[in-house]
Structures are given as structure tokens and as C-alpha cells.
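Remarks on the structure that follows.
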Amino acid sequence: MLKRYLPLLFVLLVVVATVVAFLVLRNSGAPEAPPDSREGTTAEPLAGPDDAPEYRVESEEDFQAALRALGTGNEEIETWARSRGFPPAVYTDSAGPPLERAYRRDSEETLLEFSAAGDHWAMQFLAARIGPERPLEAIKWYRSAVVHGSAYAAFKLGNLYEEVARWIAINHDDRDEVVEIARLEDPLAYTSLAWLLVAEFEAGLPPGAMSATLTSFQAPDEGITRACERAAGFLAEVRAERVALGVSVPTHKPPLAMELPEEETAGYCSTDVFPRADYTNCETIRLVGDIGSVIGHRCR
């Protein structure tokens, strides 16, 4: 249920447990409301302690009412998500056009043709298809998809580097490509985290929204700093490639971006090493549950 309440916080889809500890939106011991008692419910914002509008969310109906009160909904959220390369229904329950089925039907040759024409969807589907057998080529296509505007491809790239580390540590994979990747990106964990940082920044999400998914990354502060420095380098390379290719990428913020608790992002990149999403022109809101609250940003 939680992933329905905070659809723009991608981390809920991959590390739900991180947020559960801080925001419980429904008391499991509370009696169920009568079947139709919430029909027509509307969200009335209250004034929070910092003057941010506050919305009480204890059910899916409450959350949908809050979205309506904020002037947004699944359709706007889904449109934004697809503009940054996220597959249908990642952020909402909307099935949307069957993009995945369409690309999965395409041959590798067709995906290569679309990729060469700058289709970042084809690039990331091609990378996912060839990744296990040809990881070096998959890295190239994921990276190209990032250049062409897919924040999701940066997330998948971070996942791929983590997967390569797992192949080596658990499967003792000594294929030439795997060894070469490990040599170029030593240590792999830093590069994995770096691309997750790039992913959340490219998507306009708060710190930790994607990088917190790398739960196996237990590095000292020095390691975090090195990963942040790599992320800054990757981001600079991506921007330079866009300029060279004449690629224009949408920069609008997500309609609703939820913050992770401060303690969850402490020790991550300082702003003098790696930038953070700027919500200056967004409205700050608060969603309140039974034992806590989260800060959100409504960007229009």
C-alpha cells in the first residue's frame, strides 16, 4: 500500500523498508471504515509548524484526495516519469501504453536501429537484454540512454555495476569483459553508487531517492566522498556529450518529490562535491501519518 501513497518517491519501490520506519500511514489495529463512508472525501490542508500545508494520510483515498488538492494526479506523474525514461506503472498503478511489450517484441537489430536514431527507450531495453552476456556493450548503451535523457538508465547502470561486483564475488566470474569492467571501475561499489546519485539528480529527486537503494554499500565517509566525486565526473561527461551531440533534455521537476528523513541522507554528497535538486520554485508540503511525517515538494 505505501508505494501507492508516495508514487513519486522511487525508493519506495525498491527499499520500502527504509521509509516504513518513518511514515506509517495506517494503523493496522484500527477498525475498518464502513465500505462507502469515505466516498467523496477531500483533503483539507492544515497549517504545519513551519507553515507548510499539512495533509493527513491514513488511506489510499486520503492520498488521492491530497493529490487532487495539490492539483496533480497519476496522469501528470506518469507523463513526467516517462519523460525521464521510467517504464509505465513504475510510479503509479497506471498501465499506460504497453511500451515494454512493444520493445520486447523487437529484434536486437531493430533495437540497434532505433538506438542509433537516439531512442533512449530502445537503448535501455537493448542494454537490459544484452547485459548478462555483453556487459561492456550494455554499459555503453545505458550511458548513451542517460545522455539522451533517461534518468532511469542511470539507475539501471548503477544496478549493473553492483551486479558485476556480485558476479565476481559470488559466481567467481572471470570473463574478460567482467574483469575489464572491474579494472576500469575499481572499486565497483563507488561507481555503482555514483550512477545512482546521477540518476536521482537527473530525475530531480531528493538525496537518497535512488542512491539509498544501494543497501550493500557500507563505506566510510572517505568512500562516500569518492563516490560523490565520481558522480560529479560522470554528470560532467554526460552534459558535455549532450552539448557535443546537440541533445536537449527536459529539466522540469517531478510533480511531487518526497524527501527521505534527514538521518537517512546524512553522510551523502556535500553540495560542494555533487549538486542537489533545487526546489526553490516548488511548494513545500507535509504528509502526516500515524507516527511521523515526510516533507514533499509540489513542483508545477
### Loop-located GluC sites (Glu not before Pro) in the stretch 109-145, at most 16 other Cβ atoms within 10 Å (DSSP)
Glu133
### Query
What net charge is computed for the residues neighbouring Leu245, neighbours being all others with C-beta under 13 Å from the C-beta of Leu245, Lys and Arg scored +1, Asp and Glu -1?
+1
### Message
How would the stretch 139-283 be classified by its alpha-carbon gyration tensor: rounded, prolate or oblate, with rounded meaning a/c under 1.5 and the a/b versus b/c comparison settling the rest?
### Response
oblate
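Compute the Cα gyration tensor for the stretch 106-154, then decide on rounded, prolate or oblate, letting a ≥ b ≥ c be the square roots of its eigenvalues: rounded whenever a/c is under 1.5, prolate when a/b is larger than b/c in the other cases, and oblate in all that remain. Present the calculation step by step, with values, prior to reporting the outcome.
Details: a/c = 1.88, a/b = 1.08, b/c = 1.75.
In terms of gyration-tensor shape, oblate.
Each value in this text was obtained by applying a stated rule to the coordinates, not by laboratory testing. From a predicted model like this one, the values you see are computed outputs, not experimental measurements. We place every Cβ from the backbone using ideal geometry, glycine too, and count neighbours over all the protein chains shown.
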